[in-house]
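Student: The following block contains the structure, expressed as C-alpha cells.
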Amino acid sequence: MNAYKTLYNQNTLLSMLSYKRPHNSHSEINFINKFIKPSCNYEDAYGNCFAFVDGTENKENLPTILFTAHTDTVHKFGGKHKIKLHYEPVKDAVHLFASVKNDVLGADCGSGCFILLAMIEHFQKNPPLHNQLYAFYRNEESGGIGSYESIKHCTEPMQTVLQNIDKVI
C-alpha cells in the first residue's frame, strides 16, 4: 500500500458533519462546492455529481457498481453546527463521540459522503481492478427526487453508463 497524506481525516469528517443541509440551502450548496465537486468529473442537469475511477483491468468496460450518498439533510434551516466531542465508555473501551446541542448531527448522509470521497481519493491513488462510479444525489430526503431526476433527464452517455450498473451500494 502506498503511503500518502489523506484529505479525508477526522477534521474533514467533523467539518462535513457540521453543515445543516436542507435541499437547495446555501449550506448545501457550499457543502457541495467545498467537498463534493472537487472530486467529481460530471454533473447532471439536476446538480447531482458523479465521479468515475478507472480500474487497472478492462478500462474499456463500463463500471458495474455504483456507490451512492446524498448531499441534503432533514434540517429545517441551513447553517453550521458547533460539534462537541466527548469520550464515553462502551463495553471495555473508551470511544470518541460527536454530538450537537438540540439538533441532529448531519451524519445522514454526511458520513456517507465522507466515506465515498475517501474511497475516491484512495482508489485514484491505488487503482482498483475494475472501474467504479460514485454518485452524490441531491434532494433525497424529500422522497428520492435527485436520483429520480438523474434517471428521468439522463443524457445519452450517462444513460449508457447507468444501464451497465448491476450493483448499488
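Student: Within the group 59, 82, 76, 91, which residue is charged (D, E, K, R), under 25 Å from residue 144 (Cβ atoms) and surrounded by fewer than 20 Cβ atoms within 10 Å (Cβ to Cβ)?
Tutor: 76
Student: Also, I was wondering about something else. Could you give every pair whose Cβ atoms fall below 9 Å, whose first residue belongs to the range 85-100 and is in a strand (DSSP E or B), and whose second residue is surrounded by fewer than 10 Cβ atoms within 10 Å (Cβ to Cβ) and acidic (Asp, Glu), counting only separations of at least 6 or pairs across chains?
Tutor: 94/88; 95/88; 96/88; 97/88
Student: While we're here: Limited to the range 62-84, what total is found for residues that are farther than 19 Å from residue 119 by Cβ and either in contact with a His (Cβ under 8 Å, 6 or more places away or on another chain) or assigned to a loop (DSSP other than H, G, I, E, B) (or both)?
Tutor: So the answer is 10.
Student: Check off (1) open to solvent by 90 Å² or more (accessible area, probe 1.4 Å); (2) within 17 Å of residue 28 (Cα to Cα); (3) of a type in the set (A, V, I, L, M) for residue 168 and give me the number that stays unchecked.
Tutor: (2)
Student: Taking the range 30-46 as the region of interest, how many residues are open to solvent by less than 60 Å² (accessible area, probe 1.4 Å), closer than 22 Å to residue 144 by Cβ and modelled with pLDDT of 95 or more?
Tutor: Adding up the residues that qualify gives 5.
The values are calculated or read from the model by the stated rules, or taken from the named source; none is laboratory data. The structure displayed is predicted, hence computed values, not measured ones. Counting neighbours? That spans all protein chains shown, and the Cβs are built from the backbone with ideal geometry, glycine included. Calculation scope for accessible area: heavy atoms of the full protein, side chains included, ligands and nucleic acids excluded. Shrake-Rupley method; radii C 1.70, N 1.55, O 1.52, S 1.80 Å.
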